[in-house]
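Visitor: The structure follows.
The values are calculated or read from the model by the stated rules, or taken from the named source; none is laboratory data. Here the structure is a predicted model, which is why all the values come from computation and not from measurement. A quick note on method: Cβ atoms are made from the backbone with ideal geometry, for glycine too, and the neighbour counts reach across all protein chains shown.
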Amino acid sequence: MVVTEAGIVTGWGSTNVAPPGYLQLVRALTRQYGSLMILDEVGTGFSRCGRLFGMELTGVTPDIVTFAKAITNGGAAMGAMVANDEIGQAAADKGIFVSTFGWTPVACAAAVQSLRVHQRDKVWEKAREDGDYVVERLNRELAGHPAMGDIRGKGMEIGIDLVKDRVTKQRDTERKMKIVQRAFEGGLHVVGDNQSTIQLMPPLTIDRQTLDEGLDILIDSIKSA
């Protein structure tokens, strides 16, 4: 059994992007050896990475896929698992489905409406355009900065890797923490959970003015750290 994210291997924290062909190779190996492929779309699903679901970036269909977070757009707590027909039928015939917070009417209604809005407004297109804009601006304004190891991501899930040395790629956790603190003092909350990476996951509905205001604070914080 292989469990992985779609398009971004380590979405939480390090934001390492899988190389082209990675997921197709994993899918081929799981079929060759009769193993299950499970995709975690908790972070990459619902337009975050520039497609409705991250797995659309690679054209791979898993045996099982998991969803949460954006499935209800924060309207209610909900998680879901989707399986292929064979697994789904076996589970339906033999499984006992119980849950303390599962399938509440409010959560189910929020999930259905959230999906409708994503499909109606093609939210993934805005996420892709905004993500390209963020990466382009960061690369342009931080070009040559000695702490810039890498700027990577898909859509509106972007990682900024900070280094002490651009040649050796030695990580700079201390600088990362300074940047996170300075950004917070300037009015911007950013996540720096990984050892040396700041992860950006802005709201998909963010307007360009607000996005620019946040980028101004972040870029100034990086330059002054």
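Visitor: Taking the condition of being touching a residue at least 24 places away in the same chain (Cβ under 8 Å), under 29 Å from Glu129 (Cα atoms) and assigned to a loop (DSSP other than H, G, I, E, B), how many residues in segment 140-176 meet it?
Guide: Total meeting the criteria: 5.
Visitor: Within segment 18-37, restricting attention to residues that are surrounded by 18 or more Cβ atoms within 10 Å (Cβ to Cβ) and among the aliphatic types (A, V, I, L, M), which residue is modelled with the highest pLDDT?
Guide: Met37
Visitor: If you don't mind, another one. Criterion first (modelled with pLDDT under 95 and either in a loop (DSSP other than H, G, I, E, B) or not aromatic (Phe, Trp, Tyr) (or both)) does Gln209 satisfy it? Give the steps one after another, and end with the answer.
Guide: Values: modelled with pLDDT under 95: no; either in a loop (DSSP other than H, G, I, E, B) or not aromatic (Phe, Trp, Tyr) (or both): yes.
In short, no.
Visitor: Specify the residue that is nearest to Tyr133 (Cα to Cα); the eligible residues are those in segment 198-225 that are in contact with a Lys or Arg (Cβ under 7 Å, 6 or more places away or on another chain) and among the hydroxyl-bearing types (Ser, Thr, Tyr).
Guide: Only one residue fits best here, namely Ser221.
Visitor: Could you tell me how many of the residues in segment 183-216 are aliphatic (A, V, I, L, M), surrounded by fewer than 18 Cβ atoms within 10 Å (Cβ to Cβ) and more than 21 Å from Trp124 (Cα to Cα)?
Guide: Adding up the residues that qualify gives 2.
Visitor: Taking the stated definitions as given, is Thr72 touching a strand residue (DSSP E or B) at 6+ places or on another chain (Cβ under 6 Å), of a type in the set (S, T, N, Q) and buried (at least 16 other Cβ atoms within 10 Å of the Cβ)? Break it down into steps so the answer makes sense when it comes.
Guide: Working: touching a strand residue (DSSP E or B) at 6+ places or on another chain (Cβ under 6 Å): no; of a type in the set (S, T, N, Q): yes; buried (at least 16 other Cβ atoms within 10 Å of the Cβ): yes.
Criteria not met by Thr72.
Visitor: Which one of the conditions (1) small (Gly, Ala, Ser); (2) modelled with pLDDT under 90; (3) assigned to a helix (DSSP H, G or I) does Ser14 fail to meet, given that it meets all the rest?
Guide: The failed condition is (3).
Visitor: Here's a check for you: in segment 86-139, which residue that is part of a loop (DSSP other than H, G, I, E, B) and among the aliphatic types (A, V, I, L, M) is farthest from the chain's Cα centre (by Cα)?
Guide: Per the criteria, the residue is Ile96.
Visitor: Tell me, which residue of segment 181-206 that is outside any helix (DSSP H, G or I) and among the polar types (S, T, N, Q) is modelled with the lowest pLDDT? Write out each step before concluding.
Guide: Filtering segment 181-206 for residues outside any helix (DSSP H, G or I) gives 186-206.
Among the residues that remain, those that are also among the polar types (S, T, N, Q) are: 194-197, 199, 205.
Working: Asn194: 74, Gln195: 84, Ser196: 90, Thr197: 91, Gln199: 92, Thr205: 95.
Taking the candidates together, the pick is Asn194.
Visitor: Can you give me the number of residues within segment 28-42 that are touching a strand residue (DSSP E or B) at 6+ places or on another chain (Cβ under 7 Å) and either assigned to a loop (DSSP other than H, G, I, E, B) or more than 30 Å from Ala127 (Cα to Cα) (or both)? Give the derivation first.
Guide: Within segment 28-42, the subset touching a strand residue (DSSP E or B) at 6+ places or on another chain (Cβ under 7 Å) is 30, 35-42.
Applying the additional criterion that residues be either assigned to a loop (DSSP other than H, G, I, E, B) or more than 30 Å from Ala127 (Cα to Cα) (or both) yields 30, 35-36, 41-42.
Matching residues across segment 28-42 total 5.
Visitor: So in segment 155-172, with the set limited to residues that are at pLDDT 90 or above and farther than 13 Å from Ile222 by Cβ, which one is farthest from the chain's Cα centre (by Cα)? If you could, list the steps in order and put the result at the bottom.
Guide: Taking segment 155-172 first, the residues at pLDDT 90 or above are 155-164.
Checking which are farther than 13 Å from Ile222 by Cβ leaves us with 155-159, 164.
Values: Gly155: 8, Met156: 7, Glu157: 5, Ile158: 8, Gly159: 10, Lys164: 26 Å.
Going through the qualifying residues, I end up with Lys164.
Visitor: Same structure again: Going through segment 45-55 one residue at a time, which ones are closer than 21 Å to Gln113 by Cβ and of a type outside the set (A, V, I, L, M, F, W, C)? Quick ask: steps written out before the conclusion?
Guide: Step one: of segment 45-55, the residues closer than 21 Å to Gln113 by Cβ are 45-48, 51-53.
Matches in segment 45-55: Gly45, Ser47, Arg48, Arg51.
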